[in-house]
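Encoded as structure tokens, the structure appears first; notes follow it.
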Amino acid sequence: KNQVEQSPQSLIILEGKNCTLQCNYTVSPFSNLRWYKQDTGRGPVSLTIMTFSENTKSNGRYTATLDADTKQSSLHITASQLSDSASYICVVGKTSYDKVIFGPGTSLSVIP
Amino acid sequence: DTAVSQTPKYLVTQMGNDKSIKCEQNLGHDTMYWYKQDSKKFLKIMFSYNNKELIINETVPNRFSPKSPDKAHLNLHINSLELGDSAVYFCASSQASEPQHFGDGTRLSIL
């Protein structure tokens, strides 16, 4: 069964701290893995996309890793800011065309 | 300029009514999508069109009918609305395997 699981479900951290969000998937065949950020009341915005051969990708303070053997990915946020408060969604693509499976998201709250 | 725009942003209507949501993208993308996000925040794909041709049609009641007059537009028409249709509906577009660009959603509430 094609599934994407994320942990933790929610997370509260102090401004300036680092955090790591996890994603495990059982999607096959695997094409790519994406992390999206969804602010409240807005649509998701892409942070990173990685294919099978890539095991890390950075976008500013966001760094995503991918272990295609264990089917795990993580999103590391460095020096968190209040504006990082959002839902972070892991999305796995089955084909280059775009049959994608969304994870349930991790809700991150950054507090002063 | 808004890349993917959908209207209306809010839609409140009564059970049994028929309503439409419109979506337009100015990114020149070939593929457009409709997603439903329920109260648990899960995003589930409903439909995908590539160059006006339907390529993904998930298990969705046939009360939902997408229409793509051209590759920049993908509208969603819903007949005989039911309470369970209350959700946020997102339109998105993409080119090849690049990440999708999402609109800001249409919040549909059924009374």
- Message: Neighbour counts of other C-beta atoms within 10 Å: give me A:T106, A:T51 arranged from fewest to most.
- Response: A:T51, A:T106
- When only alpha-carbon atoms count, how far does the range A:1-91 stretch along each of its three principal axes, as whole angstroms with the largest first? 37, 24, 20
- Which order results if B:V4, B:V60 are arranged by neighbouring Cβ count within 10 Å, fewest first? B:V60, B:V4
- Binned at 10 Å from 0, what are the whole-percent values of the Cα-Cα distance distribution for the range A:40-112, short to long? 16, 50, 28, 5, 0
- Message: Compute, for the range A:1-93, the length of the dipole vector about the Cα centre, with Cβ point charges of +1 (Lys, Arg) and -1 (Asp, Glu) only. Units Debye, rounded to 20.
- Response: 140
- Message: I'd like the Karplus ³J(HN,Hα) series for the range A:56-71: coefficients 6.51, -1.76, 1.60, θ = phi - 60°, whole numbers in Hz, and an x wherever there's a Gly or Pro.
- Response: 7, 8, 10, 9, x, 7, 9, 10, 9, 10, 9, 10, 5, 6, 8, 6
- Item | Residues in the range A:35-67 reached by a label modelled at B:K40 [backbone nitrogen below 17 Å; 7 Å Cα→Cβ] | none
- What is the dipole size for the range B:1-100, taken about its Cα centre, with +1 at each Lys and Arg Cβ and -1 at each Asp and Glu Cβ, in debye to the nearest 20? 240
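With 10 angstrom as the radius, rank B:F64, A:F52, B:F47 by how many other C-beta atoms surround their C-beta, starting from the fewest.
A:F52, B:F64, B:F47
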- Task: Read phi for every residue in the range B:8-17 and hand back ³J(HN,Hα) as whole Hz from Karplus 6.51 cos²θ - 1.76 cosθ + 1.60, θ = phi - 60°, with x for Gly and Pro.
- Result: x, 7, 10, 9, 10, 8, 8, 3, x, 6
- Segment B:I55-B:Q95, extension gain: residue separation times 0.36 nm, minus the distance between their alpha carbons: 13.0 nm
- With a sphere of radius 11 Å drawn around the Cβ of B:D38, what net charge do the other residues whose Cβ falls strictly inside it have (Lys, Arg +1; Asp, Glu -1)? +3
- What do you get for Rg/Rh of the protein assembly as shown when both radii come from the Cα atoms and Rh is the Kirkwood radius? 0.97
- Quotient of C-alpha Rg and 2.2 N^0.38 Å, computed over the range B:18-66: 1.22
- Return the FRET efficiency for the residue pair B:D18, A:Q9: r is the Cβ-Cβ distance, R0 is 22 Å, and the value is rounded to the nearest 0.05. 0.05
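Only the coordinates and a few stated rules stand behind these numbers; no lab work does. Just so you know, these numbers come straight off a predicted model, no measurement behind them. So basically every Cβ, Gly included, is an ideal-geometry build from the backbone, and we count neighbours across all protein chains shown.
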